Amino acid sequence: MADDLLKRFESVRVFAKGGKLAPHKPLLLLYALSKLKSEKAERISFTDAEDVVSPLIQTYGPFNAKTTVAYPFARLANDKSKIWWIDEYEKNASGDLNLTEARDRKLQAGFSHDVLAAFRKNPKLIDNVAVNLLERNFSPSLHQDILEAVGLYLGDDEIEAVIRRKRDPKFRYKVLTAYYEQCCVCKYDIKMNGAAVALEAAHIKMHSAGGPDEVPNGLSLCVIHHKLFDLGAITVDKDMKVRVSERVVGDWGRKLNDEFHEKEISQPRNEGMLPAGQFIQWHNQQIFKGLV
C-alpha cells in the first residue's frame, strides 16, 4: 500500500514539457500535507492556499513565472495519479478557475478519499511522501526552507526509506578537490582538523532533473553562495562569470553585486573539469531569476 501510494505521487509530472521547472504542484501538495499533519485538515481553502503557496511559486519557480496556486489547485485533479479532489467550480474562458468565485466561495480541495484513508491508516506516509516530493523537485539546500514556509515539520525517527535516485557519494570529494577546496565564487576555504567546513558541492543541473554526479556538473561553493545559487539569486554564465539577479536587494545584495557580478569564478584544476555548457544553460534558463 505504501509503495503504491508513493508511486502515485511520483507520477505527478515533475518538469513541464521541454524540461521546464514546474514546482507549483509539489508546493501545493506539501502545503496540503502540512495542513493534514498539523491540523488534521482534510480539505484546504483556495484563499488560504493562495496566501501561502503563490509567493512560494514565485520564489522557487522559473524567472518571470506567471503561474499562481490557481493552476495546481484545479489541474491536480486531472492528473492520472488520482491523488487530488476539488469541489465543483466555475471555469473561466481558458478552462481554469474563476478566481473571483474561488476566492468568494473559499473553494475547497484536498487529497482524494482513498489517499486520505491511506494517510489515516499510516500517518508516517505523510512524512515519506513529503521527503519524496522534496527529493524529486528541489535542491537539498532548499528543503528545510520550503518545509518551514509551508509549516511542515518532519519527524526524523518516523521517516522510512523513500525512492531516491542513486547518488555518487564521491561527488562532493571530486568537486571540492577540483576547485582546491575553496568556494569558486568568494574563495572561502576554512578547514578544521584538515577538513573543509561549510563548503559544499553544488549541482548545476539539479540531480532530480537528470543532472549527473560529475565534476562538469558541479561547483564548489560555500553554504551561502550554494543557497543563493540554488535559489537563482546568482548563476554562472557561459564565460564562467558570476551573474547576480536584478531581484537581489538590500545592503548585502548591493555588496554581492559590487563584489561578484561579472567576476570570473576560480578555475578548476584543468579544463575538463570546467562547468559544461549544457548544464550552465539549464541553470541560466530554469533556475536563475535574472537576465544572462
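A short reminder: the numbers here are calculations on the coordinates, not readings from a lab. Predicted model only: the values in this text are computed from it and were never measured. Glycine gets a Cβ as well: all are built from the backbone with ideal geometry, and neighbour counts include every protein chain shown.
Derived scalar couplings between HN and Hα for the stretch 135-150 equal 4, 8, 10, 9, 5, x, 5, 9, 4, 5, 4, 5, 4, 5, 5, 8 Hz in order, rounded to whole Hz, by the Karplus curve 6.51 cos²θ - 1.76 cosθ + 1.60 (θ = phi - 60°), x for Gly and Pro. Judged by the mean number of other Cβ atoms found within 10 Å, the most tightly packed of the peptides 227-238, 179-190 leads the ranking 227-238, 179-190. Counting every pair of alpha carbons in the stretch 26-173, the share spaced more than 20 Å apart comes to 51 percent. Whole-Hz Karplus values for the stretch 269-286 come out as 4, 8, 4, x, 9, 4, x, 6, x, 5, 6, 4, 4, 4, 5, 4, 8, 9 Hz, taken residue by residue from phi with 6.51 cos²θ - 1.76 cosθ + 1.60 and θ = phi - 60°; glycine and proline positions read x.
For the stretch 215-262, the set of GluC sites (Glu not before Pro) satisfying both a DSSP loop assignment and a count of at most 13 other C-beta atoms within 10 Å is given as E246, E262.
Taking every C-alpha pair closer than 8 Å and separated by at least 6 residues, the mean separation divided by the residue count of the stretch 2-158 gives a relative contact order of 31 percent. Once the Cβ-Cβ distance of D48 and Y180 is raised to the sixth power relative to R0 = 41 Å, the FRET efficiency obtained is 0.25.
Pairs exceeding 23 Å between alpha-carbon atoms, taken from K35/K106; K191/K238; K106/K289; K40/K106: K191/K238; K106/K289. When each of the peptides 24-35, 199-210, 144-155 is scored by the mean number of other C-beta atoms lying within 10 Å of its residues, the order from highest to lowest reads 24-35, 199-210, 144-155.
From its DSSP helices (H runs of at least four residues, each -39,500 (n - 2.57)), the chain gives a residue-normalised ellipticity at 222 nm of -12000 deg cm²/dmol. As a length-normalised measure over Cα pairs under 8 Å and 6 or more apart, the relative contact order of the stretch 230-292 settles at 49 percent. Debye-formula intensities of the chain, expressed as log10 I(q)/I(0) at q = 0.14, 0.15, 0.17 Å⁻¹, are -1.05, -1.16, -1.35 (one equal scatterer per alpha-carbon, no solvent). Applying 1/(1 + (r/R0)^6) with R0 = 51 Å to the Cβ-Cβ distance of Q267 and K7 gives a FRET efficiency near 0.70. Taking Lys and Arg as +1 and Asp and Glu as -1, the other residues whose beta-carbon sits under 15 Å from that of W252 total +1. Highest GNM mean-square fluctuation, the chain, Cα pairs closer than 10 Å: which of A93, A74, A196? With Cα springs under 10 Å in the chain, the top fluctuation among A93, A74, A196 is at A93. Across q = 0.12, 0.17, 0.19, 0.23 Å⁻¹, the stretch 171-286 modelled as identical point scatterers on its alpha-carbon atoms has Debye log10 I(q)/I(0) values of -0.38, -0.78, -0.97, -1.39, in the order of the q list. Taken along its three principal axes, the alpha carbon spread of the stretch 222-292 comes to 37, 23, 20 Å, from the longest extent down to the shortest. With R₀ fixed at 30 Å, the C-beta to C-beta distance from Q281 to A195 puts the FRET efficiency at about 0.35.
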